[in-house]
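Structure first, commentary second.
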């Protein structure tokens, strides 16, 4: 199956497979069948086999899957064997939390820079990174050549900054701004994060559970 024909739902299950297989590997599992994996993940064995078949043959009939090898292969599909240089735009509370608490290295990225417009934030340290003034963006990107960016800025600022970042060579965005980057940049990779939507979904689940009692 061509890569661009793989459904988004399959792609979004890959990180979960990777995480579960890591837990299994840590607990001493050497191999596992699709049925056993389905029981642990709450999926059907058929669904798991179909998902993996999108990328090739990973298991053996009667043997199942080698846990460490399957995890390694999924990691390569996800690009976790690479270290894509990434920058943070907006080092306020949310940006600081992301920069200091997320394990970028094991998720295929290296956070190499952070920028802000607030003089009270510029100069502060996020781990080994010093927040730079946004005016230094072009020169930094020219020298360091990041290809991914985290956007933690107000929605009204996102459009101009996105244009600027694309001109600086940014090809992928982890977007917390609620601005639809695809409107002007259909060729970039965007992962939109709406924390409020997630909380609202939790509210729906709780409300539905209470109605069914």
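Find the residue count for the range 163-182, including only residues that are in a helix (DSSP H, G or I), free of Cβ contacts under 8 Å to residues at least 60 places away in the same chain and surrounded by 16 or more Cβ atoms within 10 Å (Cβ to Cβ).
Initially, the range 163-182 is screened for residues in a helix (DSSP H, G or I), giving 163-167, 181-182.
Now drop any that are not free of Cβ contacts under 8 Å to residues at least 60 places away in the same chain, which leaves 163-164, 166-167, 181-182.
Subset that is surrounded by 16 or more Cβ atoms within 10 Å (Cβ to Cβ): 166, 181.
Residues in the range 163-182 being in a helix (DSSP H, G or I), free of Cβ contacts under 8 Å to residues at least 60 places away in the same chain and surrounded by 16 or more Cβ atoms within 10 Å (Cβ to Cβ): 2 in total.
Would you pick out the residues in the range 18-34 that are surrounded by 13 or more Cβ atoms within 10 Å (Cβ to Cβ), farther than 20 Å from residue 6 by Cβ and over 23 Å from the mean Cα position of the chain (by Cα)?
Hits for the range 18-34 are 29, 31, 32, 33.
Has the range 193-206 got any residue that is within 29 Å of residue 83 (Cβ to Cβ) and either in contact with a strand residue (DSSP E or B) (Cβ under 9 Å, 6 or more places away or on another chain) or surrounded by 15 or more Cβ atoms within 10 Å (Cβ to Cβ) (or both)?
Looking for residues that are within 29 Å of residue 83 (Cβ to Cβ) and either in contact with a strand residue (DSSP E or B) (Cβ under 9 Å, 6 or more places away or on another chain) or surrounded by 15 or more Cβ atoms within 10 Å (Cβ to Cβ) (or both), one finds at least one in the range 193-206, hence yes.
State all residues of the range 162-176 that are touching a helix residue (DSSP H, G or I) at 6+ places or on another chain (Cβ under 9 Å) and at pLDDT below 95; if no residue qualifies, say none.
162
Since residue 209 meets every condition but one in (1) outside the structural domain of residue 98 (by TED's automatic domain parsing); (2) not in a helix (DSSP H, G or I), which condition does it not meet?
With respect to (1) outside the structural domain of residue 98 (by TED's automatic domain parsing); (2) not in a helix (DSSP H, G or I), residue 209 is out only on (2).
Scan the range 83-93 and tell me whether some residue there is in a helix (DSSP H, G or I) and assigned by TED's automatic domain parsing to the domain that holds residue 114. Walk me through how you get there before you give the answer.
So in the range 83-93, the residues in a helix (DSSP H, G or I) come out as 93.
From the residues that got through so far, the ones that are assigned by TED's automatic domain parsing to the domain that holds residue 114 too are 93.
Yes, because at least one residue in the range 83-93 is in a helix (DSSP H, G or I) and assigned by TED's automatic domain parsing to the domain that holds residue 114.
From the list 157, 149, which residue is in a helix (DSSP H, G or I), assigned by TED's automatic domain parsing to the domain that holds residue 90, closer than 21 Å to residue 96 by Cα and at pLDDT 90 or above?
157
Does the range 183-192 hold any residues that are exposed (fewer than 10 other Cβ atoms within 10 Å of the Cβ) and part of a loop (DSSP other than H, G, I, E, B), and which are they?
Of everything in the range 183-192, those that are exposed (fewer than 10 other Cβ atoms within 10 Å of the Cβ) and part of a loop (DSSP other than H, G, I, E, B) turn out to be 186, 187.
I'd like to verify a number: residues in the range 38-82 that are outside any helix (DSSP H, G or I), within 17 Å of residue 9 (Cα to Cα) and under 24 Å from the mean Cα position of the chain (by Cα), how many? Talk me through it step by step, then tell me what you get.
Applying the first criterion (outside any helix (DSSP H, G or I)) to the range 38-82 yields 42-44, 54-66, 79-82.
Filter again for within 17 Å of residue 9 (Cα to Cα), leaving 42-44, 54-55.
Still in the list and also under 24 Å from the mean Cα position of the chain (by Cα): 42-43, 54-55.
Selection size over the range 38-82: 4.
Restricting attention to the range 105-120, report how many residues are out of contact with any helix residue (DSSP H, G or I) (no Cβ under 8 Å at 6 or more places or on another chain) and modelled with pLDDT of 95 or more. Spell out the reasoning first.
In the first step, residues of the range 105-120 are kept if they are out of contact with any helix residue (DSSP H, G or I) (no Cβ under 8 Å at 6 or more places or on another chain); the result is 105-107, 109-110, 118-120.
Now drop any that are not modelled with pLDDT of 95 or more, which leaves 109-110, 118-120.
Of the residues in that region, 5 qualify.
Being touching a residue at least 60 places away in the same chain (Cβ under 8 Å), assigned to a loop (DSSP other than H, G, I, E, B), touching a strand residue (DSSP E or B) at 6+ places or on another chain (Cβ under 9 Å) and in the same structural domain as residue 190 (by TED's automatic domain parsing), is that true of even one residue in the range 94-109?
no
Condition first: touching a strand residue (DSSP E or B) at 6+ places or on another chain (Cβ under 7 Å) and in a helix (DSSP H, G or I). Now tell me which residues in the range 137-146 satisfy that.
Let us first name the residues in the range 137-146 that are touching a strand residue (DSSP E or B) at 6+ places or on another chain (Cβ under 7 Å), namely 137, 140, 144-146.
Listed by number, the residues that qualify are 137, 140, 144.
The values are calculated or read from the model by the stated rules, or taken from the named source; none is laboratory data. Model, not experiment: these values are computed from the prediction. Here Cβ is always computed from backbone atoms with ideal geometry, including for glycine, and neighbour counts include all displayed protein chains.
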